[in-house]
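Please read the structure below before turning to the comments.
The values are calculated or read from the model by the stated rules, or taken from the named source; none is laboratory data. Keep in mind that what you see is a predicted model, and the values were worked out from it rather than measured. All Cβ positions, glycine included, derive from the backbone under ideal geometry; neighbour counts span all protein chains shown. The protein model used for the area step is the full one, side chains on, heavy atoms only, and it has no ligands, DNA or RNA in it. Shrake-Rupley method; radii C 1.70, N 1.55, O 1.52, S 1.80 Å.
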Amino acid sequence: MSVIASEPRTRRSAFGRPTAETGKWSWLTTVDHKKIGIMYFVTAFFFFLVGGVEALLIRVQLARPEQAFLTADQYNQIFTMHGLTMIFFAVMPLGAAFFNYLLPLQIGARDVAFPRLNAFSYWVFLAAGIFLYSGVLLGGLPDGGWFNYAPLNYIGPNPTDTIGAGTPVAAHVGRMVLYSIGLQIAGIASLASSVNFIVTILNMRAPGMTLMRLPIFTWMTFITSFLMLFAMPVIGVALWQLMFDVRYSTNFFNPATGGDPILWQHMFWLFGHPEVYILILPAFGIVSEVLPVFSRKPLFGYSAMVFSGIAIAFLGWGVWAHHMFAAGIGPVANAAFGLSTMFIAVPTGVKIFNWLGTMWGGKIRMTTPLLFAAGLVGMFTIGGLSGVTHSIVPHNYQQTDTYYVVAHFHYVLFGGSIFGIFAGTYFYFPKVTGRMLNEKLGKLHFALMFIGFNVTFFPMHILGLWGMPRRIYTYADGMGWNFWNMVETIGAFIIAAAIAVFMANVAITRRRGEVAGNDPWDARTLEWLTTSPPPPHNFDEVPLVTARDELWHRKYVGGADRSPVRVPAGASPDHPDHEGSPGASAVPDTAEPAHGPGHDGHSAIHMPSPSYYPLIAAAGMPIAGWGVLAGGPVQLALLALGGLVIFGGLFGWVLEPSAEEAH
Amino acid sequence: MADTEYDKEHAHPGVGQYVEIGVILAVMTLLEVILFESFDRGLLKSVGIPALIILTILKFMLVVLWFMHLRFDHKLFRRVFFVGVGLAFLVFGIVAVNFYVGPRIGF
Amino acid sequence: MAAGDMSAPLPGTDYEHATSLGIANDKLGIWSFIGSECLFFGALISTYLLYVGRTGDSALTPATIFDIPFTSASTFILLMSSLGMVLALAAIQAGEMRKFRTWIMATALMGATFLAGQFYEFTVFVAEGFTLATSPFSSSFFVLTGFHGFHVALGILMLLSMWAASMMGRLPQQLHTTVENIGLYWHFVDIVWIIIFTVVYLIPAATAAPVAG
């Protein structure tokens, strides 16, 4: 085994680096992508539960007509926060959790390119969540819907509260500041991680890992990162402008003072449409890993998968105005964006058929991950089809702002992203914890969730086509909507039961689950080569990659009838390099020393040292944000303090002794 | 192969060339100001404004290609940068067209 | 994205420290960030172009408010700071540390002069009644140039930090890539101003100007 030297101590300044390897300090100061991935998952899952409770509150309120369970103001805050929480604080970071944990493992790297920046992303994301939810104590949460159209962002929940022409009252200003700064901070986290992942994928690949040998999940991460890189600044600008509008009386979006509300819509959806691909592509990547493993076949049409992903990302930049057909952008624009929206169904369809092709004729094992992955293929297709109906402009006029749209995006986001994320959770839980999740409970979880999901969201299509609008806090009796609304509410509680089963499953198996071993699923990619859970340095030897599905090629050779035949570790004839170096491949936990080609075995593995500064720099951001919220001298004091903490953290970051001196 | 790429990356222009580019940039800025002042003395806007835009693009490219040595660097940097510039022009161009052209031709 | 040309380094090299593309991580990171910033300033400049004609009830239009000779001077100074930056980079690459410090300080001072000019400009505007809240035109102008100024301020902070680090002997010649990366940021901020100067100041001021004669 190579020597693991995490601390070449070159003390060049008064600042030391933290050294804790266990306990709470090891988590607060970690720069290990695996720990950060776990923290992302736990935090995002917590937000997922919060968003879920909000969804249940919404459904209880709407279960019967003219209920007074929630007031209009409470309802506005809760549906807005449900959207914001699920998109920015649940699905996006759950995707980031998988990126963080898997990316370096899949490409055979020790860590990401910028480990401290990675920790910074996590802490900034957490700070954004805390900042946004601090509204509970500070006069209310955002209430303008997640897209926060002007003039909703000026008028607030109750138009009679408005003072004068378009001058909002203080409470509403505060909510809008929470919205703009909270998402701004979350955007900084996404931007930092996108830069990090792009550089990691381009630059940190193991030898032989060419771009066309990258696992599909890594490819989807790469594409998602580019989408985040280019989409986040656009919403960033719109959010700054909104903040200046509500807080410092500028005139960007308020029609009463010459601003243009359509500009907000353009800017928001310029970000918002790439965002939906940011939400779904990680799930596509996970499913593309899960289906081949449980079908015992390589992914059907690897390059078609890669290029359809790129095509989706590219076309995703040219369809944003289909969210604005009813806003009066003109027939030429409507027709053009309608067409481009139809085009984007093509690469998405390519993916669906490739997944079907992967399973077709395969030796399918009906495990929980497979069920969730197959669930995505089915449910996402329904959501995709209703999506295509939105591209037909006259049809869109009818269904815009109705529950039909709500049904559509829950089929793609819940039936797509969330199913994909649960497929990934069941699939990778053994890698992360070393133990298997219980299959019986897993199948119960899937069954409940699949039923609950369809019972909740399918009737929304019907209600929407019957004219039930979105974002209403109650409805009159006698509209004919009573029955399906009650059904949906029952469905929502079935989903809640499914999530409870999942949590029970995790709680039980975390300590008492079946021990997994390195490769419990007979999988194909590099992350299954190392131990479960992986050591801090991931691989004792950086693997030499000679094929797509490297691990599979190390385990099997083609027999006479071209069927896979298992080979002893390290003896595959595919791997002349490995002959005579036993232990260098499939079974890294052998006692024998492992020496790869060109490696003298003496060099120590340098792992980046933990650091306090990402946490400190991130902590300054909500402080400055609360400054914008406050007024007078408190504002200046908080802005100054926040700025000092951020820059102090960044200075400490730059000045702390580096463990990465070598270059 | 990787080595040659690395060497190429570090072939930066020399001090003399930097100063030359700096002088050219200064002259171009002067030219821009002269153009602007000439509008008052009868310079046609249909001539002056395209000239200003061309000068801006030239200055932009000079700084990007020489001072940021994108001309001499790994082609990946060129791609990332120009994808960003191109995407910005594309999407905001469409927004601008939607705002300006749409209403004028009667939509 | 062509895949073929990005082959991994040959096995047998010291791949623990080499990168797959043979280019430095931080440089790739800073270029990605700059690519992202293009969209940031693209959005701000687009908003300005959309709102430049919307002066509301205010008589303060691009033709009446801008002081072109003054802005030209500060533009020239910022442009020359880019020259200072490349000369500083050339100096540290050649190992001439004194020269490096001189140029990095000159660059920071030119940046600070630009920033002081902008501060003065804003003060004059506000005194003339041209504030954030005056019109969509004024809002978009201040937010665009304000964010640019903020970027310049961050750049100055980084330049001064490098100067101080060099004075303390903690910026050895090997770290010239750090100087290069911060330089890339500085030049980017400069090219944004090259565009702003024409698109925000010159062309609107000219098109809205009273016809001569």
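Restrict the check to segment A:361-372 and report whether at least one residue is small (Gly, Ala, Ser) and without any contact (Cβ under 8 Å) to a residue 40 or more places away in the chain. Taking every residue of segment A:361-372 in turn, none turns out to be small (Gly, Ala, Ser) and without any contact (Cβ under 8 Å) to a residue 40 or more places away in the chain. Please find, within segment B:9-32, the residue that is nearest to the chain's Cα centre (by Cα) out of those that are open to solvent by 30 Å² or more (accessible area, probe 1.4 Å) and among the β-branched types (Val, Ile, Thr). Ranking the qualifying residues of segment B:9-32, first place goes to B:Ile24.
Does C:Thr198 qualify as being under 17 Å from C:Ala91 (Cβ atoms) and at the interface with another protein chain (Cβ under 10 Å from one of its Cβ atoms)? The answer is no for C:Thr198. What are the residues in segment C:128-172 that are β-branched (Val, Ile, Thr) and in a helix (DSSP H, G or I), if any? Listed by number, the residues that qualify are C:Val143, C:Thr145, C:Val152, C:Ile156. Filter segment A:432-451 down to the residues that are of a type in the set (Gly, Ala, Ser) and assigned to a helix (DSSP H, G or I) and list them by number. Answer for segment A:432-451, where residues must be of a type in the set (Gly, Ala, Ser) and assigned to a helix (DSSP H, G or I): A:Gly442, A:Ala447.
Residues checked against (1) open to solvent by less than 10 Å² (accessible area, probe 1.4 Å); (2) modelled with pLDDT under 95; (3) among the aromatic types (Phe, Trp, Tyr); (4) within 28 Å of A:Ala311 (Cβ to Cβ):
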| residue | (1), (2), (3), (4) |
| --- | --- |
| A:Asn196 | yes, no, no, yes |
| A:Leu239 | yes, no, no, no |
| A:Ser249 | no, yes, no, no |
| A:Ile262 | no, yes, no, no |
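May I ask you to verify whether C:Ile191 is under 28 Å from B:Leu35 (Cα atoms), facing another protein chain (nearest Cβ under 9 Å), touching a Phe, Trp or Tyr at 6+ places or on another chain (Cβ under 7 Å) and open to solvent by 40 Å² or more (accessible area, probe 1.4 Å)? When the stated conditions are applied, C:Ile191 does not pass them. Here A:Gly378 clears all of (1) over 23 Å from A:Pro459 (Cβ atoms); (2) open to solvent by 10 Å² or more (accessible area, probe 1.4 Å) except the condition numbered (1). Name the single residue, out of those in segment C:36-46 being over 14 Å from B:Leu90 (Cβ atoms) and facing another protein chain (nearest Cβ under 7 Å), that is surrounded by the fewest Cβ atoms within 10 Å (Cβ to Cβ). Here the answer is C:Glu37. All conditions in (1) over 30 Å from A:Glu289 (Cα atoms); (2) within 14 Å of chain C (Cβ to nearest Cβ); (3) at pLDDT 50 or above hold for A:Pro608, with the sole exception of (1). Consider segment C:54-71 and keep the residues that are within 10 Å of chain B (Cβ to nearest Cβ) and touching a residue at least 12 places away in the same chain (Cβ under 8 Å). The one that is surrounded by the fewest Cβ atoms within 10 Å (Cβ to Cβ) is C:Ile68.
Considering C:Gly146, C:Gly95, the condition of being closer than 24 Å to C:Met162 by Cβ and either at pLDDT 95 or above or among the small types (Gly, Ala, Ser) (or both) is satisfied by C:Gly95 alone.
Within segment A:223-255, being at the interface with another protein chain (Cβ under 9 Å from one of its Cβ atoms) and aromatic (Phe, Trp, Tyr) holds for A:Phe226, A:Phe230, A:Trp240, A:Phe244, A:Tyr248, A:Phe252. Listed conditions (1) among the hydrophobic types (A, V, I, L, M, F, W, C); (2) more than 7 Å from every other protein chain (Cβ to nearest Cβ); (3) in contact with a helix residue (DSSP H, G or I) (Cβ under 6 Å, 6 or more places away or on another chain) are all met by B:Phe72, apart from (3). Which pairs have Cβ atoms under 9 Å, sit 6 or more apart or on different chains, and link a residue in segment B:17-40 that is in contact (Cβ under 8 Å) with a residue 24 or more places away in the chain and more than 7 Å from chain C (Cβ to nearest Cβ) to one that is open to solvent by 80 Å² or more (accessible area, probe 1.4 Å) and in a helix (DSSP H, G or I)? These pairs meet every condition: B:Ile24/B:Leu58; B:Met28/B:Leu58.
If I filter segment A:452-470 for residues that are charged (D, E, K, R) and in a loop (DSSP other than H, G, I, E, B), do I get at least one hit? Checked against the condition, which is being charged (D, E, K, R) and in a loop (DSSP other than H, G, I, E, B), segment A:452-470 yields at least one hit.
Among the residues of segment A:394-409, some residue qualifies, meaning at least one is closer than 29 Å to A:Phe41 by Cα, open to solvent by 10 Å² or more (accessible area, probe 1.4 Å), touching a His at 6+ places or on another chain (Cβ under 8 Å) and assigned to a helix (DSSP H, G or I).
Residues in segment C:132-163 that are away from chain A (no Cβ under 11 Å), open to solvent by less than 30 Å² (accessible area, probe 1.4 Å) and touching a residue at least 40 places away in the same chain (Cβ under 8 Å): C:Thr145, C:His148, C:His151, C:Val152, C:Gly155, C:Ile156, C:Leu159.
Among the residues of segment B:41-64, the one identified as closer than 25 Å to B:His74 by Cβ, more than 7 Å from chain C (Cβ to nearest Cβ) and β-branched (Val, Ile, Thr) is B:Ile57. Flag not set for A:Ile286, criterion: within 28 Å of A:Gly328 (Cα to Cα), at pLDDT 95 or above and more than 14 Å from chain B (Cβ to nearest Cβ).
Of all residues being surrounded by 17 or more Cβ atoms within 10 Å (Cβ to Cβ) and among the aliphatic types (A, V, I, L, M) in segment B:58-82, which is modelled with the lowest pLDDT? Just the residue, please. Even if it seems obvious, please write down each step before you answer.
Of segment B:58-82, the ones surrounded by 17 or more Cβ atoms within 10 Å (Cβ to Cβ) are B:59-60, B:62-64, B:66-70, B:73-74, B:76-77, B:80-81.
Retained after the next criterion (residues that are among the aliphatic types (A, V, I, L, M)): B:62-64, B:68, B:70, B:76, B:80.
Details: B:Leu62: 95, B:Val63: 94, B:Val64: 94, B:Met68: 92, B:Leu70: 88, B:Leu76: 91, B:Val80: 92.
Going through the qualifying residues, I end up with B:Leu70.
Residue check: A:Arg511 meets all listed conditions (1) open to solvent by 70 Å² or more (accessible area, probe 1.4 Å); (2) over 29 Å from the mean Cα position of the chain (by Cα) but one, namely (2).
Just a yes or no: is a residue in segment A:88-95 under 21 Å from C:Ser32 (Cβ atoms), open to solvent by 10 Å² or more (accessible area, probe 1.4 Å) and among the small types (Gly, Ala, Ser)? Checked against the condition, which is being under 21 Å from C:Ser32 (Cβ atoms), open to solvent by 10 Å² or more (accessible area, probe 1.4 Å) and among the small types (Gly, Ala, Ser), segment A:88-95 yields no hits at all. Every listed requirement among (1) modelled with pLDDT of 90 or more; (2) open to solvent by less than 70 Å² (accessible area, probe 1.4 Å); (3) among the hydrophobic types (A, V, I, L, M, F, W, C); (4) farther than 26 Å from C:Leu83 by Cα is met by B:Ala2 save one, (1). Scanning segment A:198-220 for residues that are at the interface with chain C (Cβ under 7 Å from one of its Cβ atoms) and open to solvent by 10 Å² or more (accessible area, probe 1.4 Å) gives A:Met204, A:Arg205, A:Gly208, A:Thr210, A:Met212.
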